[in-house]
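The values are calculated or read from the model by the stated rules, or taken from the named source; none is laboratory data. Small disclaimer: the values here were computed from a predicted structure and weren't measured. Every residue, glycine as well, gets a Cβ built from its backbone with ideal geometry; the counts of neighbours run over all protein chains shown. The area values use the complete protein model at the heavy-atom level, side chains included, leaving out ligands, DNA and RNA. Shrake-Rupley method; radii C 1.70, N 1.55, O 1.52, S 1.80 Å.
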Amino acid sequence: VQLQASGGGLVQTGGSLRLSCAASGRTFINNAMGWFRQAPGKEREFVATISWSGRSTSYTDSVKGRFAISRDNAKNTVHLQMNSLKPEDTAVYYCAAGRRPNSGWSPSDYNYWGQGTQVTVSS
């Protein structure tokens with residue numbers, strides 16, 4: 001089972017990036033999916049989650065209105081559209097598959113993790 005995250009890069013403040021996460025080895029259509037991030041010297045933090053159906057999403061306050069999580073169960077992929085990026089969004093972003101159809105904000109709610117993709121926002 002593998003989650004492959006991609007789409008990170010270097011962008012200026014106010015710019016946009018679209019992260020993608022492709023799952024292989026099994027399907028996650030019955031699982032919530034999430035994005036987390038970890039900045040240097042900080043703990044991994046929750047960013048966004050989407051339910052198995054895609055009908056329910058949740059975001060940490062700092063990204064509400066700027067980020068949007070979506071999924072395509074037919075392609076076994078999940079995306080994170082990031083707009084109006086700020087320097088404080090700089091981190092390694094990880095996608096994760098939840099243990100249940102609807103998962104929470106804790107890393108312990110997720111049992112499969114991707115390798116991470118670097119997002120750097122310059123001021």
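Among the protein heavy atoms of the chain, carbon and sulfur supply 48% of the accessible surface, probe 1.4 Å, non-protein parts ignored. In the context of the full set of protein chains, the chain has a per residue accessible area of 49 Å² (1.4 Å probe). Cα extents for the chain along the principal axes, largest to smallest and rounded to whole angstrom: 39, 26, 25. With a 1.4 Å probe rolled over the protein heavy atoms of all chains, the accessible area of 45, 88 falls in the order 88, 45, largest first.
Quick one: compute the contact order of the chain, relative version, from alpha carbon pairs under 8 angstrom and 6+ residues apart, as a percent.
RCO, the chain: 36 percent.
With viscosity 1.306 mPa s and temperature 10 °C, the Kirkwood radius over alpha carbon pairs of segment 67-122 converts through Stokes-Einstein to a diffusion coefficient of 124 µm²/s.
Would you list, by chain and number, the lysines whose Cα falls below 22 Å from the Cα of residue 64, excluding same-chain residues fewer than 8 positions away? Result set, ordered by chain and number: 42, 86. Between residue 120 and residue 74, how many nm apart are label points set 7 Å from Cα along the C-beta direction? Taking the two extended label points, one gets 3.8 nm.
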